1. For region 375-401, which residues satisfy the criterion of being over 15 Å from Leu338 (Cα atoms) and free of Cβ contacts under 8 Å to residues at least 12 places away in the same chain?
2. May I ask you to say which residue of Ile84, Ile102, Ile32 is under 27 Å from Asp212 (Cβ atoms) and either at pLDDT 85 or above or surrounded by fewer than 19 Cβ atoms within 10 Å (Cβ to Cβ) (or both)?
3. Counting only residues that are modelled with pLDDT under 85 and open to solvent by less than 10 Å² (accessible area, probe 1.4 Å), how many does region 43-64 have?
4. Under 7 Å by Cβ, and 6 or more places apart or on different chains, what pairs join a residue from region 44-61 that is over 21 Å from Leu92 (Cβ atoms) with one that is in a loop (DSSP other than H, G, I, E, B) and open to solvent by 30 Å² or more (accessible area, probe 1.4 Å)?
5. How about region 347-376: which of its residues are open to solvent by less than 70 Å² (accessible area, probe 1.4 Å) and not small (Gly, Ala, Ser)?
6. Do you know which of the residues in region 324-346 that are open to solvent by 50 Å² or more (accessible area, probe 1.4 Å) and aliphatic (A, V, I, L, M) is modelled with the lowest pLDDT?
Amino acid sequence: MVLFQKPFSSGKPITKRQWVKIIKHAVGGCIISLLWFFGLTLCGPLRTVLLFEHSDIVVISLLSVLFTSSGGGPTKTRGVAFFIIAVICLLLFDNDDLMAKIAEHPEGHHDSALTHILYTIIAFLGVADHKGGVLLLVLALCCKVGFHTASRKLSVDIGGAKRLHALSHLVSVILLCPWVVILSLTTESKVESWSSLIMPFTTVIFFVVVLDFYVESMCSIKMDVSKCSRYGSFLIFIGALLFGNFWTHPITDQLRAMNRPAHQEVTEHVLSGGVVVSAIFFILSANILSSPTRKGQKGTLIGYSPEGIPLYNFMGDALQHSSQSLPRFIKESLKQILEEYDSRQIFYFLCLNLAFTFVELFYGVWTNSLGLISDGFHMLFDCSALVMGLFAALMTRWKATRIFSYGYVC
């Protein structure tokens with residue numbers, strides 16, 4: 001990057017204050033890269049792609065729906081629900097048995113202090129390593145969006161994104177080199193031949209650092225941001241699923257067995273049904289959250305009358321109260337529920353039923369009891385009926401609108 005971009009000779013001279021900002025930028029990039037690397041180690045490449053390779057516009061739309069009052073309406077809320085369901089599928093329904101194939105967990109015997117700290121934090125949270133990797137990647141994704149936002153502001157002062165990219169990577173190399181030297185001197189090397197890693201490292205640097213930056217920059221210039229995000233997410237996730245299926249295919253195992261010693265144990269992350277379902281929900285979520293908000297649209301055209309008058313469907317107006325931020329909507333809904341006796345009693349029974357539901361599901365998964373798990377899902381559907389009843393009770397208190405001039409009472 002330094003040889004191609006020539007950041008020191010092109011553009012205005014960089015001041016000391018700007019160098020401090022570049023160093024902070026490089027440190028932030030290193031932290032995000034470390035979080036991504038540990039998530040990759042714990043979850044595998046397929047799950048890392050599904051969780052981390054989301055465009056900024058998708059994550060910003062997600063956060064705006066959850067924490068602001070300008071979320072974009074019911075459509076964006078549905079996209080957020082799909083994203084949350086996808087993450088839940090990876091946490092609860094992803095049977096990644098990589099850790100079961102490893103004979104002894106290396107807890108307490110890590111080569112790096114940072115690795116030991118991350119494993120200790122994951123163990124303190126009481127979750128498995130695979131689920132801890134999912135949480136790390138979600139955290140890294142949120143940090144990446146904030147990092148890119150700060151990068152855009154800093155690139156204007158430095159003299160362009162390419163110059164900032166080259167200088168930041170140069171500072172990152174300078175910061176990480178002492179750590180790499182110390183680790184190589186204080187720990188036992190597991191690499192048989194360092195010369196055999198030259199070609200893989202060169203390939204990774206070219207595709208991940210250089211080619212990825214230029215392709216992303218070119219797509220953002222030549223294409224619309226929403227289209228680039230929508231089509232890019234679809235191609236990335238479908239490609240990751242295809243490569244993941246090929247990587248765990250028996251034919252691929254036979255090809256790898258030719259170059260692997262007979263005593264070496266296979267510890268590959270498997271492709272499970274939870275990953276496939278999660279990928280489908282991630283594709284739907286990225287398609288919805290990256291699509292532009294259509295302001296001013298009051299209805300959907302459903303046809304024409306015999307006189308040629310256009311007919312529109314305004315049923316989306318019934319969900320106008322969900323366009324505000326999710327925490328505020330939940331707070332106001334709970335306040336309205338607790339105001340009346342009937343809705344308050346239904347809410348109390350819903351909480352009690354949900355408590356039994358989660359106890360049954362948790363204990364059923366813990367003891368591997370199919371009866372408890374099935375009965376827990378049965379109670380969960382009962383809770384959904386109670387939620388629909390509470391939502392209907394709330395709708396009866398909504399004020400009349402231009403379309404529903406008599407309110408929402410049947």
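The values are calculated or read from the model by the stated rules, or taken from the named source; none is laboratory data. Just so it is clear, the model here is predicted, and its values are computed rather than measured. Quick reminder, even Gly has a Cβ in these numbers, built from the backbone with ideal geometry, and neighbours come from all protein chains shown. Only protein heavy atoms, including side chains, enter the accessible area calculation; ligands, DNA and RNA are left aside. Shrake-Rupley method; radii C 1.70, N 1.55, O 1.52, S 1.80 Å.
1. Scanning region 375-401 gives His378, Phe381, Ser384, Ala385, Met388, Lys399, Ala400.
2. Ile32
3. Qualifying residue count, region 43-64: 2.
4. From residues that are over 21 Å from Leu92 (Cβ atoms), the pairs are Ser61/Gly72.
5. Correct list: Phe347, Leu350, Cys351, Asn353, Leu354, Thr357, Glu360, Leu361, Thr367, Leu372, Ile373, Asp375.
6. Leu326
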